[in-house]
Amino acid sequence: MEELIQNLKQQIIDALNLEEITPADIDDDAPLFGEGLGLDSIDALEIILILEKEYGIRIAKPSDAKPILKSMRTLAEYVEKNRK
Amino acid sequence: MSVVISGLGIVSAAGIGVGATIATMRAKRCTVSAVRHFATVHKVAAAEVEPDNDELARMLHLPEGSVVSRTAMLGMLAAREAVDDAALTDAELASAALVSATTVGGMDRTQTFFADFVCNPNSGRLRYVRGHDCADSTRRIAEHCGIGGFATTISTACSSSANAIMLGARMIEAGLADVVVAGGCDALCPFTLNGFRSLMILDEQPCRPFDRTRSGLNLGEGAAYVVMRREAERHYCYVSGMANANDAFHQTASSAEGNGAFEAMRRAVADAGLQPHDVDYVNVHGTGTPNNDASEAAAMMRLWHNEMPAFSSTKAFTGHTLAAAGAVEAVLSALSVSNGYLYPNLNFSEPIEDTQLVPQQDFAEGVRVDAVLSNSFGFGGNCTSLLFTARPCPRAEVTGARNLTCYVNGVEVYGEHLDAKQLIPDANMRRRMSRCVKMGVATGMACMAQMPAPPDAIVTATGLGCLADSEKFLRSVIVNAEQMINPTPFIQSTFNTVGGQIAIISANRCYNMTYVHRYESFETALADAMLKIAEGAEGVLLGAFDEMTETQVAIMRRMGVYRSGTEPGEGAVFFALGSRPCAATRASLRMDPHGELTAARTVACPRTYHTAQARTVADAIGSLVPGEPVRISLEKTSIVIQCARQ
């Protein structure tokens, strides 16, 4: 799980061009949206694409992603369970 | 002085022409179905115009083998209907202005070119890419209909043609034109289909605007134009109120409170000297996305509280026709006023929980409709409301627009001295910006900092917009075969991205407009900026931007554009225009279309790149000598600048 979290963090940093942030700066349990990293709806779409490209997970509706994208930990848990 | 609508033209999935369109609505026939005119891997529902390209070309009597974008063909068809309906004389047409709007322009044909070009940069037939830029559709519509006066193209995403109608009405009010044909056109093509799909806001079923279970929009395509003129005996309605406001919240999402929508509606009603309760029907933007409808409903509740007028979204008939949507709905609104129509909001069953708003669900006619408000909202927070009335409304007189002198109180040219980190402090905004957006926004913000007060209008001009983003997106659609497409380049390919981002950073809700009229983009943006000042604006932020890409240079070289001494170029230039001089004033500026003013020398604008006009003006201001006015020859007009200090 630790390794998956690290990989996901790096993939998100690259995809969202989070230039000044390193994986260590992202708290596993901090909210990704609004507070914390301050991501928005477009970032959510980019993360959904990461799930599809890297882990073969398809999410049909952005609203389905909401609970998954709460924090790095919820995201990693979802990927762990659903990866293909 | 009142502006009337005396001619209507409309083409959409609901039908070709006013008669067919109303028949579809009367029958409550949903037009949304699977995509037929091009191949796509996606199972999405869309509202396409029935004839294919060959049939459209035949209807327009185009010469055999001519390559005209679908966008332009739809526009030609609708504009012709409007011009015929208004029964304009040849003389009226020859001096009439055309204000047209589009977001995709010739992208459908460009994609045909690009599919070959991505494999080999020496392949791809150039005829498919010549009509790429937005101004091409405007030029073809003008030629097809014989419209010979001022022409320009507006592109502010989904509010584009509402803004085109607004500019046309303002020009008539200010005495700058007697007759204006205004509207917009957009064809459905894989670029937009994949763009909206990458945003995950397309409904696979027919859209359900304002319904609790709504889950997205259906793309449409089409065109619509209105003929506007001063007082005419035979007319549909008056154009009595208009406003553009910026939501200043997010590039694609609308604020939960509907701030931009509320401001646009409130100001449009006030502009006509009316009260919200005077509005009988609202043609809402109502795309059917969860976000738009919630935001628009919230804004409506703020304006009308519990006394909501009849309202409906007509998107289930026409699909979301993007740049054409504002004009499509303006035509429907004009018919609502003249014929007492109220249109049904199809596919509605349960209201949105928070607002409980219930739209009009049946086609009604013979209703007394004195005032209709039409909403059109676009990416970049661009919100426009137009108010159409049965009777004229007293409006503030606009005088002196023709001979106006304005003051250049600040100039900023993009260069290494601009620190994007400081000018765009929000790292989360900065990280997403492409080079072109960053260049334009940083220059605009630096120029705004020179203004004594926040601007009353932000007007931008570009030839080809954020080209690298458009290319990146188109390439990914082709190379990835429509799968796993990143949404960010699509969002930034919108021409009003720079203006919208400046509004967000500076929290500026004012008028925000973008012109995309080839080498004339800047001069028509300048004309709008000066008209804003004539209307009472004290400060306008006016800018131009364009980027150069390898692909563009390769294509232009193959076209032979650079053979005539033209060189590729790019840049961003912004001006702080003011109604009055101040301590920082660099120059006074006047339009001089007929060469009546005296000047010590004349400077010509090279066509090195689309916004070279703006750079030439900036350079001329930099080298001004007191007592020696300089004339700058633009494409269709000229301006005279001279030293002027308070």
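A few comments on the model shown:
- 2 or more residues within 14 Å of chain B (Cβ to nearest Cβ): qualifying helices (runs of 4 or more DSSP H) within chain A: A:2-15, A:41-55, A:62-65
- Restricting B:Glu412, B:Glu471, B:Glu416 to residues that are assigned to a loop (DSSP other than H, G, I, E, B) and either over 30 Å from A:Ile59 (Cα atoms) or away from chain A (no Cβ under 14 Å) (or both) narrows the list to B:Glu416.
- Filter result (in contact with a helix residue (DSSP H, G or I) (Cβ under 8 Å, 6 or more places away or on another chain) and either within 21 Å of B:Ala72 (Cα to Cα) or hydrophobic (A, V, I, L, M, F, W, C) (or both)) within region B:114-123: B:Phe114, B:Ala115, B:Phe117, B:Val118
- B:Thr40 under 20 Å from B:His320 (Cα atoms), over 24 Å from the mean Cα position of the chain (by Cα) and touching a residue at least 40 places away in the same chain (Cβ under 8 Å): yes
- Selection within region B:426-451 - touching a residue at least 24 places away in the same chain (Cβ under 8 Å) and within 14 Å of chain A (Cβ to nearest Cβ): B:Asp426, B:Met429, B:Arg432, B:Met433, B:Ser434, B:Arg435, B:Val437
- Scanning region B:549-581 for residues that are surrounded by 19 or more Cβ atoms within 10 Å (Cβ to Cβ) and part of a loop (DSSP other than H, G, I, E, B) yields B:Thr549, B:Glu570, B:Ser579.
- Residue in region B:68-75 that is of a type in the set (D, E, K, R), buried (at least 17 other Cβ atoms within 10 Å of the Cβ) and more than 30 Å from B:Ala232 (Cβ to Cβ) present: yes
- Qualifying residue in region B:157-166 (condition: crowded, with 23+ Cβ neighbours inside 10 Å, touching a Ser or Thr at 6+ places or on another chain (Cβ under 9 Å), in contact (Cβ under 8 Å) with a residue 60 or more places away in the chain and assigned to a loop (DSSP other than H, G, I, E, B)): yes
- The residue that is modelled with the highest pLDDT, among those in region B:548-572 that are out of contact with any helix residue (DSSP H, G or I) (no Cβ under 7 Å at 6 or more places or on another chain) and of a type in the set (Lys, Arg), is B:Arg557.
- Qualifying residue in region B:200-210 (condition: more than 14 Å from every other protein chain (Cβ to nearest Cβ), among the aromatic types (Phe, Trp, Tyr) and touching a Pro at 6+ places or on another chain (Cβ under 8 Å)): yes
- The test for being at pLDDT 95 or above, farther than 27 Å from B:Ala157 by Cα and outside any strand (DSSP E or B) holds for B:Val369.
- Residue ID - surrounded by the most Cβ atoms within 10 Å (Cβ to Cβ), chosen from residues in region B:195-229 that are charged (D, E, K, R) and touching a strand residue (DSSP E or B) at 6+ places or on another chain (Cβ under 7 Å): B:Glu221
- Residue that is nearest to the chain's Cα centre (by Cα), among those in region A:33-84 that are basic (Lys, Arg) and surrounded by fewer than 14 Cβ atoms within 10 Å (Cβ to Cβ): A:Lys66
Listed here are the residues, each with its yes/no results for (1) assigned to a strand (DSSP E or B); (2) more than 14 Å from every other protein chain (Cβ to nearest Cβ); (3) surrounded by 24 or more Cβ atoms within 10 Å (Cβ to Cβ).
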residue	(1), (2), (3)
B:Ser476	no, no, no
B:Ile485	no, no, no
B:Gly499	no, yes, yes
B:Ile502	no, yes, yes
B:Ala507	no, yes, no
B:Met513	yes, yes, yes
B:Tyr519	no, yes, no
B:Ala525	no, yes, yes
B:Lys532	no, yes, yes
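- Residue count, region B:412-422 (criterion: surrounded by fewer than 20 Cβ atoms within 10 Å (Cβ to Cβ) and touching a residue at least 60 places away in the same chain (Cβ under 8 Å)): 1
- Evaluation of B:Glu596 against (1) closer than 28 Å to B:Ala446 by Cβ; (2) out of contact with any Asp or Glu (no Cβ under 6 Å at 6 or more places or on another chain); (3) among the charged types (D, E, K, R) (one fails), failing number: (1)
- Boolean, B:Glu329 is of a type in the set (Asp, Glu) and either surrounded by 24 or more Cβ atoms within 10 Å (Cβ to Cβ) or not assigned by TED's automatic domain parsing to the domain that holds B:Thr31 (or both): yes
- Among residues of region B:182-194 being assigned to a helix (DSSP H, G or I) and not hydrophobic (A, V, I, L, M, F, W, C), the one that is surrounded by the most Cβ atoms within 10 Å (Cβ to Cβ) is B:Asn194.
- When region B:16-26 is filtered for residues that are within 23 Å of B:Leu88 (Cβ to Cβ) and of a type in the set (Gly, Ala, Ser), the ones remaining, listed by number, are B:Gly17, B:Gly19, B:Ala20.
- Residue satisfying all of: in region B:249-261; away from chain A (no Cβ under 14 Å) and crowded, with 24+ Cβ neighbours inside 10 Å; nearest to B:Ser312 (Cα to Cα) among these: B:Ala261
- Whichever residue in region B:571-614 is of a type in the set (D, E, K, R) and in contact (Cβ under 8 Å) with a residue 40 or more places away in the chain and, among such residues, is farthest from B:Thr549 (Cα to Cα): B:Arg580
- Residue check for B:Ile172: more than 22 Å from B:Glu535 (Cβ to Cβ) and of a type in the set (A, V, I, L, M, F, W, C): no
The values are calculated or read from the model by the stated rules, or taken from the named source; none is laboratory data. Keep in mind that this is a model prediction, so the values were computed, not measured. We place every Cβ from the backbone using ideal geometry, glycine too, and count neighbours over all the protein chains shown.
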